[in-house]
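Asks: Before I ask anything, let me first share the structure, which is written out below as structure tokens.
The values are calculated or read from the model by the stated rules, or taken from the named source; none is laboratory data. Just so we're clear, the structure is a prediction, and the values are computed from it rather than from any experiment. Every residue, glycine among them, receives a Cβ derived from its backbone with ideal geometry; neighbour counts consider all protein chains shown.
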Number of protein chains: 2
Amino acid sequence: MSKGIAKRSENYSQWYNDIVNKADLAENSAVRGSMVIKPYGYAIWEKMQAQLDKMFKETGHENAYFPLFIPKSFFSKEADHVEGFAKECAVVTHYRLRNRADGKGIEVDPDAKLEEELIVRPTSETIIWNSYKKWIQSYRDLPILINQWANVVRWEMRTRLFLRTAEFLWQEGHTAHATAEEAIAETKQMINVYADFVENYMAVPVIKGTKTENERFAGALETYSIEAMMQDGKALQTGTSHFLGQNFAKAFDVKFTDKNSKLDYVWATSWGVSTRLMGALIMAHSDDKGLILPPKLAPYQVVIVPIYKNQEQLDKITEKAKELMAALRAKGITVKYDGRDTHRPGNKFAEYELKGVPVRFAIGPRDLEQGNVEVARRDTLEKKIYPQEGIADVVENLLDEIQKNMYNKALQFRKDNTYTVDTYDEFKDIIENKGGFVLAHWDGSSETEEKIKNETKATIRCIPIDAVEEEGKCIFTGKPSKRRVLFAKAY
Amino acid sequence: MSKGIAKRSENYSQWYNDIVNKADLAENSAVRGSMVIKPYGYAIWEKMQAQLDKMFKETGHENAYFPLFIPKSFFSKEADHVEGFAKECAVVTHYRLRNRADGKGIEVDPDAKLEEELIVRPTSETIIWNSYKKWIQSYRDLPILINQWANVVRWEMRTRLFLRTAEFLWQEGHTAHATAEEAIAETKQMINVYADFVENYMAVPVIKGTKTENERFAGALETYSIEAMMQDGKALQTGTSHFLGQNFAKAFDVKFTDKNSKLDYVWATSWGVSTRLMGALIMAHSDDKGLILPPKLAPYQVVIVPIYKNQEQLDKITEKAKELMAALRAKGITVKYDGRDTHRPGNKFAEYELKGVPVRFAIGPRDLEQGNVEVARRDTLEKKIYPQEGIADVVENLLDEIQKNMYNKALQFRKDNTYTVDTYDEFKDIIENKGGFVLAHWDGSSETEEKIKNETKATIRCIPIDAVEEEGKCIFTGKPSKRRVLFAKAY
């Protein structure tokens, strides 16, 4: 099964594609840039969704659903937003097909042209603020704390499964507040929720920070992001949270009367994560044998493979496996028994390694006799024999340990590949030859940022929130700088 | 709050719209035919989704996700399907917008025309079977049991919130099998799952049956449906399950080798329910005071309203309410406390009646003194005083009773409005003057069905599965018939 995976060290990009394909996570479809998320990949996404949804609800948010289509004119209402989003979009121009006169298939009916074209949402600020206008009159109507799980479409030219696809799945939070302070607090709260999720569920450490003006969301006053390091040293932005000021309220004329009966525009935030998280999960942890899943997001945490020579042996092992499964499930551990007689144990082992199942049990006739079970961890590939008695406790601890170990390993990798540099030569050397994150001083100008990007392909991923205040000089211009920013090549 | 709802007996259609609007379930958007599902409405839909998803998984199905867009040519591959679905569709023809030369907004870029137009999925058989072709080679790859939660678009001319909208949310199951028998068994299993859900969770009785050829899904050999009676006597189809034979396998050339190494086309089913269920839920149970929710689908089952004259009283009531809430939650009962000081108790009562919350507690100073709580049921509007001690047990039983009562009431209503007739005059009288379901003999021809429909607007909703075999004569042609079919006007 694991045959046919390129080596990570030799062809990182092919290695990624191979894992996505061979672990049955997703595949390209007949529609350019649109993927099919296969059941095993979707099961991981469902685990992510369930946990994020819980965290959103615990922080007071409710779900709702807004239209897929947005009238073209809506995009023109917010000047920055239209530049950022209304360009590479799927445009609906007609609403009917008809049979061709020559009987050869169907064609667009020219009489069914829409008066105003509809854009398939690339993000929903405009259609949502058009609704909020009706919902908000007074401070009593605020805050509005809404999230939406939806599909969106951005007509990307170069696409890659999960990382960049024309259609992708995501959630987008859209909140409305009476004050700037409240909106800013919400923006920060949500980037913290994302960081909590990515670190503690995906086992991927992140750096929290704000985006430079260049990299900000189109229409935002401030964008917070979390940035994670992949195993090739590149950065992947795993979540963003935007303070939108009063820009969308002004564009859609959404005012409210405050407690003193004064009229003001409403303050806004938006925040989102997408199926891109799947890409981050795969690239942060996998190895040459396949996917490695953190126990908290694995569709099943344990798989049991029977080793047998005849039906009688299989029956006995199956009986024992049922007992063990009941004990595991009683502790909330998810487990799958693979009793298929069409596949050999070796093939099954390879398959579950490929699929990243955290813990594998093997049970043979001798294990039965001796009351043992062979336990293999996916993260370290270690195998150990344990007594069946009390195995549920062992696995419970082991899953915790795997979750922590995966996080620590990724953290150590990031530490080993993060550099603090003070000269542009050093900077270029690292970006070009080593890869990784570089902390360096920058003069704060978009011009410098742009030049560095053009020369090295490295971008400022964020201005880290916990950056230490220190006097320094911009590596490119020598102008004064007060803190280091995070540079890297990025997905 | 309940002011402004039309009377059900006077203007049924307006009554429905008023409830959807005033109970904050959904509203029309700026996009023709597309609705905004508001948080309270969406919370009910989420409850439905969660239960259905659980039932699908218990019957062995997995979720996946397929593209929103379908190449136009895919629709032409299955002859019946193209007639049924590829007409009133949203068509994507371009993938880019540009700034207008006159600086006034944006326009479609004529250079960004797609070579082949993309259809926004009205249903996904074609794109899914195009994927299944890659997944299926041998009987070992079967069955495939996949469900998808998605949005779909059908360009409906006359739309109504939840009942008929251009974009709607649904789930669509698509399964692939080695034999016709297995596919037929799956088709039946899923209509039974739907019937179980609608009856036991939505508290709406249904009649299971097969569709006539006229009313079958485009591309199906057999369509099973469940039909429910609304309070105006009309039928609403609440779920369908289709046996597709080998039609889609043939259209997309999906063959497999069976156990005897013989090559054959794969057998298929598809089945779906949508946000239309929300319409059924509203219309089956509500009254002139608003929505009435079955406890199993209510976002919160109990609401507590404090009755107080001053802050001290409120504080004491709040303290007691917290205790009661803990007791209720310990039993898995969902509860909301409404301590808002901006609204009077009377307004709150009206609001929760409008929103259909099954049970309402009112607690005032005298209740506190006497250790009591006033409990009101939404379904019967009865109020009763209970001791606080043991109230969680009382509510647990009460919620069960409300769930059953709502079902029984709807069942009784259906019985009272179902007629068995043997002449066309009687038939016309009932359809025209009384409304309801009519069981009558029919000669089995599409021609007769069509004529009856044109003359009376009644259609054959289904041929009930449990129809008794009996000799009879078609009410229209007098030709022989072996069983009665179910006629009604329908949504």
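Asks: Among the listed residues A:Phe349, A:Phe413, identify the single one that is within 29 Å of B:Arg140 (Cα to Cα) and in contact with a strand residue (DSSP E or B) (Cβ under 8 Å, 6 or more places away or on another chain).
Replies: Answer to the check: A:Phe349.
Every residue, every condition in (1) among the charged types (D, E, K, R); (2) touching a helix residue (DSSP H, G or I) at 6+ places or on another chain (Cβ under 6 Å); (3) free of Cβ contacts under 8 Å to residues at least 40 places away in the same chain, yes or no:
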| site | (1), (2), (3) |
| --- | --- |
| A:Leu161 | no, yes, no |
| A:Glu182 | yes, no, no |
| A:Val193 | no, yes, no |
| A:Glu199 | yes, no, no |
| A:Pro205 | no, yes, no |
| A:Lys211 | yes, no, no |
| A:Glu227 | yes, no, no |
| A:Met230 | no, yes, no |
| A:Ala235 | no, no, no |
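Asks: Another question about this same structure. Being closer than 17 Å to B:Ala203 by Cα and either surrounded by fewer than 23 Cβ atoms within 10 Å (Cβ to Cβ) or modelled with pLDDT under 95 (or both) is the requirement here; does B:Gln237 meet it? Reasoning before the result, please.
Replies: Numbers: closer than 17 Å to B:Ala203 by Cα: yes; either surrounded by fewer than 23 Cβ atoms within 10 Å (Cβ to Cβ) or modelled with pLDDT under 95 (or both): yes.
Criteria met by B:Gln237.
Asks: Just the residues that are part of a loop (DSSP other than H, G, I, E, B) and farther than 18 Å from A:Lys211 by Cα, please, taken from the stretch A:234-270.
Replies: Our first condition is that a residue be part of a loop (DSSP other than H, G, I, E, B); within the stretch A:234-270, this holds for A:234, A:246, A:252-254, A:258-262, A:266.
A:Gln246, A:Phe252, A:Asp253, A:Val254, A:Asp258, A:Lys259, A:Asn260, A:Ser261, A:Lys262, A:Val266, listed by residue number.
Asks: If you don't mind, there's one more thing I want to ask. Within the stretch A:34-50, identify whether any single residue is more than 7 Å from chain B (Cβ to nearest Cβ), of a type outside the set (Ser, Thr, Tyr) and not in a helix (DSSP H, G or I), and answer yes or no.
Replies: Yes, the stretch A:34-50 has at least one match.
Asks: Of B:Leu293, B:Leu277, which residue is within 21 Å of B:Val198 (Cβ to Cβ), among the hydrophobic types (A, V, I, L, M, F, W, C) and assigned by TED's automatic domain parsing to the domain that holds B:Gly41? Full working, then the answer.
Replies: Working: B:Leu293 fails: assigned by TED's automatic domain parsing to the domain that holds B:Gly41.
Step by step, each of B:Leu293, B:Leu277 is checked, and only B:Leu277 is within 21 Å of B:Val198 (Cβ to Cβ), among the hydrophobic types (A, V, I, L, M, F, W, C) and assigned by TED's automatic domain parsing to the domain that holds B:Gly41.
Asks: In addition: Name the residues in the stretch B:277-330 that are over 19 Å from B:Glu401 (Cβ atoms), in a strand (DSSP E or B) and touching a strand residue (DSSP E or B) at 6+ places or on another chain (Cβ under 8 Å), would you?
Replies: Selection gives B:Ile304, B:Val305, B:Pro306.
Asks: B:Val273 - would you say it is in a strand (DSSP E or B) and more than 30 Å from B:Gly436 (Cα to Cα)? Let's see the steps before the verdict.
Replies: Working: in a strand (DSSP E or B): yes; more than 30 Å from B:Gly436 (Cα to Cα): no.
No, not satisfied.
Asks: Name the residue, out of A:Lys250, A:Lys259, A:Lys316, that is of a type outside the set (Asp, Glu), surrounded by fewer than 19 Cβ atoms within 10 Å (Cβ to Cβ) and modelled with pLDDT under 95. Full working, then the answer.
Replies: Values: A:Lys250 fails: modelled with pLDDT under 95; A:Lys316 fails: modelled with pLDDT under 95.
Exactly one residue qualifies, and that residue is A:Lys259.
Asks: Test A:Thr342 against the stated conditions and say whether it is of a type in the set (Ser, Thr, Tyr), in a loop (DSSP other than H, G, I, E, B) and under 30 Å from the mean Cα position of the chain (by Cα). Outline the logic, then answer.
Replies: Details: of a type in the set (Ser, Thr, Tyr): yes; in a loop (DSSP other than H, G, I, E, B): yes; under 30 Å from the mean Cα position of the chain (by Cα): no.
No: the conditions fail for A:Thr342.
Asks: While we're here: Regarding the stretch A:379-391, can at least one residue be identified that is within 31 Å of the chain's Cα centre (by Cα), crowded, with 17+ Cβ neighbours inside 10 Å and not aromatic (Phe, Trp, Tyr)?
Replies: Checking the stretch A:379-391: at least one residue is within 31 Å of the chain's Cα centre (by Cα), crowded, with 17+ Cβ neighbours inside 10 Å and not aromatic (Phe, Trp, Tyr).
Asks: Condition first: surrounded by fewer than 24 Cβ atoms within 10 Å (Cβ to Cβ) and closer than 30 Å to A:Ile144 by Cβ. Now tell me which residues in the stretch A:276-298 satisfy that.
Replies: Residue satisfying the conditions is A:Arg276 alone.
Per-residue answers, yes or no, for (1) touching a residue at least 24 places away in the same chain (Cβ under 8 Å); (2) within 16 Å of the chain's Cα centre (by Cα); (3) assigned by TED's automatic domain parsing to the domain that holds B:Phe66:
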position: B:Arg100; (1), (2), (3): no, no, yes
position: B:Lys104; (1), (2), (3): no, no, yes
position: B:Asp109; (1), (2), (3): no, no, yes
position: B:Leu114; (1), (2), (3): no, no, yes
position: B:Thr126; (1), (2), (3): yes, no, yes
position: B:Ser131; (1), (2), (3): yes, no, yes
position: B:Arg158; (1), (2), (3): no, no, yes
position: B:Phe168; (1), (2), (3): yes, yes, yes
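Asks: Going by the structure shown, is A:Val92 at the interface with chain B (Cβ under 10 Å from one of its Cβ atoms), without any contact (Cβ under 8 Å) to a residue 40 or more places away in the chain, within 26 Å of B:Met157 (Cβ to Cβ) and surrounded by 15 or more Cβ atoms within 10 Å (Cβ to Cβ)?
Replies: Working: at the interface with chain B (Cβ under 10 Å from one of its Cβ atoms): yes; without any contact (Cβ under 8 Å) to a residue 40 or more places away in the chain: yes; within 26 Å of B:Met157 (Cβ to Cβ): yes; surrounded by 15 or more Cβ atoms within 10 Å (Cβ to Cβ): yes.
For A:Val92, the condition - at the interface with chain B (Cβ under 10 Å from one of its Cβ atoms), without any contact (Cβ under 8 Å) to a residue 40 or more places away in the chain, within 26 Å of B:Met157 (Cβ to Cβ) and surrounded by 15 or more Cβ atoms within 10 Å (Cβ to Cβ) - is met.
Asks: Considering only the stretch A:364-385, state which residues are touching a Phe, Trp or Tyr at 6+ places or on another chain (Cβ under 9 Å) and part of a strand (DSSP E or B).
Replies: Listed by number, the residues that qualify are A:Asn372, A:Val373, A:Glu374, A:Val375, A:Ala376.
Asks: Select from the stretch B:464-491 the residues that are touching a helix residue (DSSP H, G or I) at 6+ places or on another chain (Cβ under 7 Å) and charged (D, E, K, R) and list them in ascending order.
Replies: B:Lys489
Asks: Filtering the stretch B:78-89 down to residues that are more than 7 Å from chain A (Cβ to nearest Cβ) and of a type in the set (A, V, I, L, M, F, W, C), which residue is nearest to A:Phe162 (Cα to Cα)? If you could, list the steps in order and put the result at the bottom.
Replies: Going through the stretch B:78-89, the residues more than 7 Å from chain A (Cβ to nearest Cβ) turn out to be B:78-81, B:83-85.
Still in the list and also of a type in the set (A, V, I, L, M, F, W, C): B:79, B:85.
Values: B:Ala79: 34, B:Phe85: 30 Å.
Among those residues, the one meeting the criterion is B:Phe85.
Asks: In the list A:Ser13, A:Ser9, which residue meets the criterion of being touching a strand residue (DSSP E or B) at 6+ places or on another chain (Cβ under 9 Å), more than 23 Å from B:Lys57 (Cα to Cα), away from every other protein chain (no Cβ under 14 Å) and surrounded by fewer than 16 Cβ atoms within 10 Å (Cβ to Cβ)?
Replies: Values: A:Ser9 fails: touching a strand residue (DSSP E or B) at 6+ places or on another chain (Cβ under 9 Å).
Sole residue among the options that is touching a strand residue (DSSP E or B) at 6+ places or on another chain (Cβ under 9 Å), more than 23 Å from B:Lys57 (Cα to Cα), away from every other protein chain (no Cβ under 14 Å) and surrounded by fewer than 16 Cβ atoms within 10 Å (Cβ to Cβ): A:Ser13.
Asks: Which one of these does A:Val198 not meet: (1) at pLDDT below 95; (2) closer than 22 Å to A:Tyr42 by Cβ; (3) part of a helix (DSSP H, G or I)?
Replies: (1)
Asks: Do you know which residues across the stretch B:170-190 are within 16 Å of the chain's Cα centre (by Cα) and surrounded by fewer than 20 Cβ atoms within 10 Å (Cβ to Cβ)? Let's see the steps before the verdict.
Replies: Pass one, the stretch B:170-190, residues within 16 Å of the chain's Cα centre (by Cα): B:170-173, B:190.
Passing the criteria: B:Trp170, B:Gln171.
Asks: Before we move on, is A:Glu62 at the interface with chain B (Cβ under 7 Å from one of its Cβ atoms) and closer than 30 Å to A:Asp253 by Cβ?
Replies: On the way: at the interface with chain B (Cβ under 7 Å from one of its Cβ atoms): yes; closer than 30 Å to A:Asp253 by Cβ: yes.
In short, yes.
Asks: Report yes if B:Arg329 is within 23 Å of B:Ala410 (Cβ to Cβ), among the basic types (Lys, Arg) and either out of contact with any Ser or Thr (no Cβ under 8 Å at 6 or more places or on another chain) or surrounded by fewer than 20 Cβ atoms within 10 Å (Cβ to Cβ) (or both), otherwise no. If you could, list the steps in order and put the result at the bottom.
Replies: Details: within 23 Å of B:Ala410 (Cβ to Cβ): no; among the basic types (Lys, Arg): yes; either out of contact with any Ser or Thr (no Cβ under 8 Å at 6 or more places or on another chain) or surrounded by fewer than 20 Cβ atoms within 10 Å (Cβ to Cβ) (or both): yes.
The answer is no for B:Arg329.
Asks: Which residues, counting only those in the stretch B:55-80, are surrounded by 17 or more Cβ atoms within 10 Å (Cβ to Cβ) and part of a loop (DSSP other than H, G, I, E, B)?
Replies: B:His61, B:Ala64, B:Phe66, B:Pro67, B:Leu68, B:Ser76, B:Lys77, B:Glu78
Asks: Right, next: In this structure, is B:Ile431 surrounded by 13 or more Cβ atoms within 10 Å (Cβ to Cβ), touching a residue at least 60 places away in the same chain (Cβ under 8 Å) and of a type outside the set (Phe, Trp, Tyr)?
Replies: Details: surrounded by 13 or more Cβ atoms within 10 Å (Cβ to Cβ): yes; touching a residue at least 60 places away in the same chain (Cβ under 8 Å): no; of a type outside the set (Phe, Trp, Tyr): yes.
No; evaluated as a whole, the condition is false for this residue.
Asks: If I filter the stretch A:212-221 for residues that are crowded, with 21+ Cβ neighbours inside 10 Å and of a type in the set (Ser, Thr, Tyr), do I get at least one hit?
Replies: If we filter the stretch A:212-221 for residues that are crowded, with 21+ Cβ neighbours inside 10 Å, which is where we start, we get A:217, A:219-220.
Filter once more, keeping what is of a type in the set (Ser, Thr, Tyr): none.
Scanning the stretch A:212-221 turns up no residue that is crowded, with 21+ Cβ neighbours inside 10 Å and of a type in the set (Ser, Thr, Tyr).
Asks: Same structure, new question: I want to confirm something. Restricting to the stretch B:65-77 and keeping residues that are within 9 Å of chain A (Cβ to nearest Cβ) and touching a Phe, Trp or Tyr at 6+ places or on another chain (Cβ under 8 Å), which single residue is nearest to B:Arg121 (Cα to Cα)? Explain how you work it out, then say what you get.
Replies: As a first pass, look at the stretch B:65-77 and keep what is within 9 Å of chain A (Cβ to nearest Cβ): B:65-76.
Imposing the further condition that a residue be touching a Phe, Trp or Tyr at 6+ places or on another chain (Cβ under 8 Å) reduces the set to B:65, B:75.
Details: B:Tyr65: 13, B:Phe75: 10 Å.
Per the criteria, the residue is B:Phe75.
Asks: Do any residues in the stretch A:365-385 that are at positive phi have Cβ atoms under 9 Å from those of residues that are assigned to a helix (DSSP H, G or I), where the two are at least six apart or on different chains, and which pairs are they?
Replies: Note: pairs meeting the criteria are A:Leu381/A:Glu353.
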